[in-house]
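Engineer: Handing you this structure, nothing more for now.
The values are calculated or read from the model by the stated rules, or taken from the named source; none is laboratory data. This structure is a prediction, so every number in the text was calculated from the model and none was measured. Counting neighbours? That spans all protein chains shown, and the Cβs are built from the backbone with ideal geometry, glycine included. Heavy atoms of the whole protein, side chains included, go into the accessibility calculation; ligands, DNA and RNA do not. Shrake-Rupley method; radii C 1.70, N 1.55, O 1.52, S 1.80 Å.
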Amino acid sequence: MSKKKVAILSAALVAVAGLGLAAATFKRSDDNVLRVANQKGQVRAMMLASGALEGAPYTVEWSEFPAAQPLLEAVGGGAADLGLAADAPFIFAYQSGSPVKAIAVQAPVNQAPEALAVLVKNASPIRSAQDLVGKSIATTRGSIGHHLLLQALERANIPADKVRVTFLTPGDAKAAFDSGAIDAWAIWTPYTNVAIKEGARAVIDAKDYGLPLYIDIAHADSIAPKHALLADFLQREAKAVAWARAHPDQFAQVLAKETGLPLDIARASFDRNNRVSQPIDAKIVAHEQEITARFSKAGLLKGERDVTQAFDTSFGK
């Protein structure tokens, strides 16, 4: 790949670094604004591409974040009412004391390869989890990449402290990976797409462990006063997700424009991040309990909060 193309991809990654209720239902006031935290290239892009927010009887104020951790800090801190993040960062934030609740869940359509992976350079001698012992691995603290790494170590019977984990933002981790400052990188799409296109390979792939769930997460104090707005937004989001599945090429064009990613990377990112709505049930709760236990075993959390209280099921009624 030419240096120019690599520069374009790297710059794009730094940038990345339905249905409605009647208008009369809402009063035109400050309470008629829904503040939504967005990981660039996710919910907002789908909403724009599908037109799902057209005619919404309230205003959506978007804020953009490069990863789940700062997004959840915004929701937990009350700067946003709602945001979409994966299962591991959600439960990590919840168990860290954040006042957040899961109000809806989306699951991957299939076990797509390289949607979430631990990457190494193609010439690296690392071929398995066993080869990671003593090596430096970058990821974001409490992220799905971090959780995948813990899963892989657990399956290989390797204590978590046998690898050197460096917590970096995706943009900083990419720079460290590109420069050779780290041996491996636990990361998700679209970063995986770009890194693999630039010559990386997956030494651990989440398709072999179970891809993460994605969760609509609300600030606990926003749920009661903005219940109608949140419920309507979730319906519109479901409509947008369904539209994207039916129009992947059209969505990829909007995604490319929103993120600055090349069109082929944007399309691959969607193919590896295609989701459908799923009800909050006992299996979802058990899934989050397992993640809590894994982070706790690694000494990263105390895991003292009741996971059953992390969910609000009123939006599924």
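Engineer: What is the diffusion coefficient of the stretch 45-149 in µm²/s, taking the Kirkwood radius over Cα pairs and the Stokes-Einstein relation at 37 °C with a viscosity of 0.692 mPa s? The partial results should precede the final answer.
Structural biologist: On the way: Rh = 16.6 Å.
For these conditions, the coefficient is 197 µm²/s.
Engineer: Follow-up question, since we're still on this one. Could you compute how much accessible surface Thr308 exposes when probed at 1.4 Å, giving the result in Å² to the nearest 10?
Structural biologist: 70
Engineer: Still on this model: State to the nearest 20 debye the size of the charge dipole of the chain about its Cα centre, where the only charges are +1 on K and R beta carbons and -1 on D and E beta carbons.
Structural biologist: Dipole of the chain, to the nearest 20 debye: 660 debye.
Engineer: Which whole-Hz ³J(HN,Hα) couplings does the stretch 257-265 yield from phi under the Karplus relation 6.51 cos²θ - 1.76 cosθ + 1.60, θ = phi - 60°, glycine and proline marked x?
Structural biologist: Values per residue, Gly and Pro as x: 5, 5, 9, x, 6, x, 4, 5, 6 Hz.
Engineer: Right, another one. Once you sort the root eigenvalues of the Cα gyration tensor of the stretch 163-317 as a ≥ b ≥ c, which label holds: rounded (a/c under 1.5), prolate (a/b larger than b/c) or oblate (the other case)? All intermediate terms of the calculation are to be shown ahead of the outcome.
Structural biologist: Details: a/c = 2.13, a/b = 1.19, b/c = 1.80.
It is oblate, given that a/c is not under 1.5 and a/b is not larger than b/c.
Engineer: Which value, in Å², gives the accessible area per residue of the stretch 142-243 when a 1.4 Å probe is used on the protein heavy atoms?
Structural biologist: Normalised by residue count, the accessible surface of the stretch 142-243 is 34 Å².
Engineer: Any idea how far apart Arg127 and Lys302 come out in nm if each label point goes 7 Å out from Cα toward Cβ?
Structural biologist: The answer from the label model is 4.5 nm.
Engineer: Suppose every Lys and Arg Cβ carries +1 and every Asp and Glu Cβ carries -1, with no other charges. What dipole size does the stretch 66-150 come out with about its Cα centre, to the nearest 20 debye?
Structural biologist: Values: 5 positive and 5 negative charges, 51 e Å.
Magnitude of the dipole: close to 240 debye.
Engineer: Is the C-alpha gyration tensor of the chain telling us rounded, prolate or oblate? Criteria: a/c under 1.5 is rounded; beyond that, a/b larger than b/c is prolate, otherwise oblate. The partial results should precede the final answer.
Structural biologist: Details: a/c = 2.05, a/b = 1.36, b/c = 1.52.
Here the chain falls in the oblate category.
Engineer: Which of the listed residues, Ala67, His287, Tyr191, is farthest toward the dipole's positive end in the chain, when Lys, Arg count +1 and Asp, Glu count -1 at the beta-carbon?
Structural biologist: My answer, from the dipole projection, is Tyr191.
Engineer: Just the projected area, averaged over all directions, of the convex hull on the alpha carbon atoms of the stretch 130-222: how many nm²?
Structural biologist: 7.1
Engineer: Tell me which residues come under 5 Å, amide H to amide H, from Leu84 once H is placed; ignore anything under 5 positions away on its chain.
Structural biologist: Gln39, Ile217
Engineer: If you average the alpha carbon positions of the stretch 193-249 and of the stretch 84-163, how far apart do those two centres end up, in angstrom?
Structural biologist: Taking the Cα centre of the stretch 84-163 as reference, the centre of the stretch 193-249 is 17 Å away.
Engineer: OK, next. Pull out a ≥ b ≥ c, the square roots of the eigenvalues of the alpha-carbon gyration tensor of the stretch 229-317, then state rounded if a/c is under 1.5, prolate if not and a/b is larger than b/c, and oblate in the remaining case. Each step should come with its number before you reach the end.
Structural biologist: Working: a/c = 2.97, a/b = 1.62, b/c = 1.83.
Oblate is the answer for the stretch 229-317, as a/c is 1.5 or above yet b/c matches or exceeds a/b.
Engineer: Taking H as built 1.01 Å from N, whose amide H comes closer than 5 Å to the amide H of Ala104, not counting residues under 5 places away?
Structural biologist: Those qualifying (amide H under 5 Å, at least 5 residues apart or on another chain) are Asp216.
Engineer: Moving on. Spelling out what I want: for every residue of the stretch 280-288, take phi, set θ = phi - 60°, compute 6.51 cos²θ - 1.76 cosθ + 1.60 (Karplus), and round to whole Hz; glycine and proline get x.
Structural biologist: Once rounded to whole Hz, the list reads 7, 9, 4, 5, 5, 4, 4, 4, 5.
Engineer: Normalised by the empirical 2.2 N^0.38 Å for globular proteins, what value does the Cα Rg of the stretch 204-275 take?
Structural biologist: 1.38
Engineer: To the nearest 20 Debye, how big is the dipole of the stretch 148-199 about its Cα centre, given +1 on the beta carbon of each Lys and Arg and -1 on that of each Asp and Glu?
Structural biologist: About 100 debye.
Engineer: If you don't mind, there's one more thing I want to ask. Given a Förster distance of 35 angstrom, what is the FRET efficiency for Val285 paired with Lys197, based on the Cβ-Cβ distance and rounded to 0.05?
Structural biologist: Using R0 = 35 Å, I get an efficiency of 0.40.
Engineer: What nm distance separates the two modelled labels at Gln309 and Ala79, each placed 7 Å from Cα along Cα→Cβ?
Structural biologist: For Gln309 paired with Ala79, the spin-label model returns 2.7 nm.
Engineer: Say the cut-off is 23 Å between C-alpha atoms; which of Lys174/Lys297; Lys135/Lys297; Lys135/Lys174; Lys197/Lys297; Lys40/Lys121; Lys40/Lys174 go over it?
Structural biologist: In this structure, Lys174/Lys297; Lys197/Lys297; Lys40/Lys121 lie more than 23 Å apart at Cα.
Engineer: To continue, here is another question. What residues have an amide H closer than 5 Å to that of Val165, excluding those fewer than 5 places away on the same chain, when H is modeled at 1.01 Å from N in the peptide plane?
Structural biologist: Distant-sequence amide H within range of Val165: Ile137.
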